[in-house]
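One structure is given below, encoded as structure tokens.
The values are calculated or read from the model by the stated rules, or taken from the named source; none is laboratory data. Keep in mind it's a predicted model, so treat the numbers as computed, not measured. Glycine also receives a Cβ, built like all others from the backbone with ideal geometry; neighbour counts cover every protein chain displayed. Areas reflect the complete protein model, heavy atoms only, side chains present, ligands, DNA and RNA absent. Shrake-Rupley method; radii C 1.70, N 1.55, O 1.52, S 1.80 Å.
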Amino acid sequence: MMLWMKTEEMALGTMLERLRLVIQNVDEIMQQENSPLCAIDITPDLRKKFAFLLGGRGQNGSPIIVFPEFSAFGEIQEREFHNVLTYLTNVPSLSAAGVGFILVIDRRQDRWAAVKGTLLRIAGSFPGNLQLVLVLRPTTLFQRTLSDILFKFNRDEFKMKVPVIMLSSVTELHSYIDQTQLTTELGGTQEYCHEQWISHRTDMEGFALMVKRTAQILQSFGTELAETELPNDIQATANLLRSHTDKKDKMKEDLHVALGQGSRLLESINEPVVRDPDHNRNQGELENLSTVQRLLSQLDETERACDEFWGTHQAKLEQCLQLRHFEHNFREMRCLLDQVAERLTAFSEVGINPAHADHIFCDLNSHEARVLEVLDEAQALAREGDELIQSSHYAEDSIQPKCSELRAVSKELSSTLRARKDHLLRAMELHHNLERAAKWCGDGLYLLASQPVDKCQSHEGAESALQEMERYLDTAGQNKLTDPSSIYSDYKTVLNQDFRDQIEKVFQKQVSVQEMFEKRMVSLKKLAAKQTRPVQPVAPRPEAFIKSPLSSPAKRVLEKSCSEGDSVNGVSSGTVEGQLQSSRSTSLSEEDENLAILRKHVMNELLETERGYVEELHCVLQGYASEMDNPAMASLMPAPLQNKKDVLFGNMPEIYTFHKRTFLRELEEYQGCPELVGRCFLLRMTDLQIYEKYCQNKPRSESLWRQCSDCTFFQECQKKLEHKLGLDSYLLKPVQRITKYQLLLKELLKYSKGCEGSEALQEALTSILGILKAVNDSMHLIAITGYDGHLGDLGRLLMQGSFSVWTEHKKGHAKVKDMARFKPMQRHLFLHEKALLFCKRREENGEGYEKAPSYSFKQSLSMSAVGITENAKGDNKKFEVWCNSREEVYIVQAPTTEVKTTWVNEIRKVLTTQLEAYRDLPACLPEASQQRSSDGLFQFPPTAGEPVSLGSFRRGERSMKVKKGEPSSPDANSSPITKGSPTSPGHKTKRHEIKSDPTPFGFKGWTKGSLSLDANEENDGYSSTEEPLTSDPEDEGGKKLCAGKYTVVSDYEKCSTQDLSVKSGETVQLIKEGEDGQWFVKNLKTKQEGWVAAANLYTLIGESTSCQSLTSSEGSGSGNLSTSSSCCETNTSSSDIKP
């Protein structure tokens, strides 16, 4: 550092000395101390040419000033006369001016009075030294004579200390001054242009002043650079380097301008020589040439000195910037090293069993990759420091300790990592040894328990049992633990109290097994040594074969021991039972500890992923969202992205704020008690519903992203953040996070059975699944198109799912024909609190959310105007929804009976809720009763306050009864919710004659969409204005059945003797189609044949073609049940959120 400072000081001193000489030289040229005048200041006076500096020299080198004939000489003001003479006397060099000036006064065409006036004026105000005054007197005879006479008498009047010589002609002048030093007007040979002389003087003085000003600025700049203190941060250092570089460039530019002006001036001075090589310069021209050349030379030297100083200063600033970067990287690297070292200390555990130790070792291996990566970065940074030192960095004393520290910490961290791995490997080795020994003991107990007592009574049986036991004991060396002292010595570094307890238990178990083997072998040897004789086998006591709750090998040994008696093993049953009870208590304790550790691991995963999630959201909001408001980045954003931050990011800022300030902090409070974390989720369940808004905005966000994903703005932001993945991956994080919670809660619940807080965990899991269902439902709702009203007016969405739907319409007394032969419509139903929507599902082509299905609205039924029949057409998967006294009937077939039951129950709940709400509004009852009476339909009791209840479901019907005052109309017992047998003829005859009102309230509740279902005459009374009959024209082209072989994708149980039962995976052959819409089908596996409805075949074989099988039934025409289709179902379709 001292060497660098000395070098910079030397460079600065050299530059400043150069600049001082330049300024001094300019001052000498300008003679600013004697006369502050410049040619440009008195140019008008100089141009009058009443006096001029000829440029020639006398015999002793005296400068010559010529006063040419000037008729208005007497009119020249004293100031003008003084300024011109002062300037002219300061033009020659100081040495030439010191010799004295020769004045040549030309008054040949003038009178004596003019001569006298000129001499008197010169004598009174000439500012320089005079050597000789030569006067060319008037040439006329009278004036010449007069001048000679009067000059002699008035000589003393002139008061001049130098001779004044009166000359009659230029010939006499040549005797005093050489002819080559005079102009042609004075009989000389020198060419003189007064305007050119003024121009040269003006340019020379301007050039000299520019040189001086440039030198002074360079002096100030050099002093400023030398006195500047080096900043302590990267940004300030970079700004300082940039500022100084800009100033240097400006200085260089000014210097080059001065050099250019000097070069042009030099060319102008050399112009006469260039034009005429024989031209002889006078002394003045030579002095001008020398002056300009000297200034240019000094400027060149100054530029070199400035460049040398700047090179030193720039190198220092660049090295300072390198040092600040190194120090910044060093601080970050130290933090990283400290973090990985702190994380490494968490691997001091040895585990409670082999699986736990393996799990820790896997985590350590994963962390090792991160540690090695950080160590590589640390080594790279240390090498960078070495390179700075080798490049003679001025801060070598500061860099060297940091490099040494990085290497020392890296070495220590590497050693710690190896020690941790060795420590854990030793622990795993001991765990596996203990496990192997325990397994060996267990196998021994199993061997003892598995030996049949009756066979051991014979000589051969005893010998065989002995050999079997000896073979087992031969494996003891490979499996048994050695002396405890040697174990303690070999594994001293990893032993803790848990290990010691396990070792003691295993050793005790080994001893017990060894003793049991020895006693059994003694007994068997006695039996083998006895005389062989027939033995009557005796059946063991019945209680010996009672299955024990603890089905372990030790328990079976106990049972065998009881049956064999003390003569076989010599061990009392009480002793073994005590050992088993102790073993079971120990096992239960170990199991609780294992569960606690697993809960801790799940909790750690929850917290670590939560912290990572918060950090990722922060990076996205800072690195992308904030940059969209940055004016500097505005030029990089395409037009579709302008002012679309809310569309692209949705309510991500709200999600980040909630998790950062609230949820993460509260989760961390439960780190010590993971089993209670369900309370935290329950407390914040309402806040977590903000994800519904984010997911609803996701399609718009993805659409905008696809439009602008390739723009420079996103690429620059990703480059600054150093993200490997694009923004779209991070926009998916909130969706992934909300689905991750239910998985973690399931894991915690699995390991917390019977613990305090397990109920809260179960409730939290249910609530999270409910949020996912609500999110999923909302995603389906926003995909509905063509609905004129506002979906929010329909109340809460209760269920949604895909079904096969047939419609039956009746106009007047015409009745619908058998509709089973017509193909069903595939409809996606949305059950709201106030309406049931029928939509057509449309699969979209695209990517991401654009690939999700959309739903075209078809019609809606007000829930205040519908009734329900639980079973329809003999199929246990069908039910009916009807209205207007069954003028409109919708036969709905669910994918499964469970889905059907769930929907029927939910619709029943809606209708029941409406009925109960009606009972709470007594003022509306009279009007409703009057309306029903006038229609001849079901009537409510005329008096308010009478209780109305739903009757229980019976096999034949489901009726709603009214107590007290119930009218005896034919339809008094009918109900909007009926359960009948549609296969019976009697029921079939009466079904369309029911006069019951389908609305529990007694009001017609049709919406605008439902009015499109009115029948017309052209279609025999069975059609809607939208779709003739019940066929779906949109499905005609792609779902037509044809004869051939198909693979069944779902089970189907026959509903009648003529039907055919099939199971998933079986191959069936469609033989022919009947007239009633059914197909004659043969099961190729069971060889059975029967009739199957075409609607059921769409469900059974889905979209499969002949001789091909579908992968699942989810692609069938019946549609897939989404999350909201069943109370117990949590899976979603391909377009839904997948937990």
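Beyond 20 Å between alpha-carbons counts as too far, so tell me which of Lys421/Lys509; Lys600/Lys733; Lys421/Lys492 fall in that bin.
Lys421/Lys509; Lys600/Lys733
Which FRET efficiency value, to the nearest 0.05, is calculated for Asp233 and Leu664 with the Förster distance at 45 angstrom and r the Cβ-Cβ distance? Could you put the intermediate results ahead of the total?
Numbers: r = 31 Å, r/R0 = 0.69.
For Asp233 and Leu664, the calculated efficiency is 0.90.
For labels at His194 and Asp1051 in the simple 7 Å Cα→Cβ model, what's the distance in nm?
Distance between label points: 12.9 nm.
Leaving out ligands, DNA and RNA, what percent of the accessible area of segment 625-776 is carbon and sulfur, probe 1.4 Å?
Carbon-and-sulfur percentage of accessible area, whole number: 48.
Can you pull the one-decimal nm distance between simple spin-label points at Leu636 and Thr686, each 7 Å off the Cα toward Cβ?
4.2 nm
Averaged per residue, what accessible area in Å² does segment 186-343 show with a 1.4 Å probe, protein chains only? Could the numbers behind the result be given before it?
Numbers: 7840 Å² over 158 residues.
It amounts to 50 Å² per residue over segment 186-343.
If I take R0 = 56 Å and measure r between the Cβ atoms of Ile217 and Ser856 in this structure, what FRET efficiency does the formula 1/(1 + (r/R0)^6) give, to the nearest 0.05?
Working: r = 79 Å, r/R0 = 1.41.
The calculated FRET efficiency here is 0.10.
Gain in length, Arg242 to Val511, computed as 0.36 nm per residue apart minus the alpha-carbon separation, to one decimal in nm?
Full-extension gain reported as 88.6 nm.
How big is the gap, in Å, between the Cα center of segment 204-227 and the Cα center of segment 690-750?
Using only Cα atoms to place each centre, the spacing works out to 60 Å.
Which GluC sites (Glu not before Pro) from segment 748-814 combine a DSSP loop assignment with at most 11 other Cβ atoms within 10 Å?
Passing both the DSSP loop test and the Cβ count: Glu756.
Give the Rg (one decimal place) followed by the Dmax (whole number) of segment 300-373, computed from C-alpha coordinates and expressed in Å.
Here Rg and the maximum Cα pair distance are 25.0, 84 Å.
If one puts a single equal scatterer on every Cα of segment 87-132 and applies the Debye formula without solvent, what log₁₀ I(q)/I(0) results at q = 0.13, 0.30 Å⁻¹?
Log10 of I(q)/I(0), two decimals: -0.35, -1.11.
Roughly what would the spin-label model give for Asn876 and Thr482, points 7 Å off Cα along C-beta, in nm?
Those two pseudo-labels are separated by 6.9 nm.
Ignoring ligands, DNA and RNA, please state the percent of accessible area on segment 412-536 from carbon and sulfur, probe 1.4 Å.
Values: 3520 of 7130 Å².
Looking at segment 412-536 in its full context, I get 49 percent from C and S.
Find, among the trypsin sites (Lys or Arg not before Pro) in segment 84-127, those assigned to loop by DSSP (not H, G, I, E, B) with at most 12 other beta-carbon atoms within 10 angstrom.
The qualifying sites: there are none.
Using a Förster distance of 25 angstrom, determine the FRET efficiency expected from the C-beta separation of Arg275 and Leu21, and round it to 0.05.
Once the sixth-power term is evaluated, E becomes 0.15.
For Glu396 and Arg842, calculate 0.36 nm times their separation in residues minus their Cα-Cα distance, and state this gained length in nm to one decimal.
That works out to 153.4 nm of additional length.
Note down the Stokes-Einstein diffusion coefficient of segment 750-806 in µm²/s, whole number, using a Kirkwood radius over alpha carbon pairs, 10 °C, and 1.306 mPa s.
110 µm²/s
Pulled fully out, how much extra length does the chain show between Glu405 and His790, if you take 0.36 nm times their separation in residues and subtract their Cα-Cα distance?
Working: separation 385, 0.36 × 385 = 138.60 nm, distance 6.85 nm.
Value of the extension gain: 131.8 nm.
Would you mind checking segment 323-363 for residues with the amide N under 15 Å from a putative spin-label position 7 Å along Cα→C-beta of Glu608?
Answer for segment 323-363: 339-349, 357-363.
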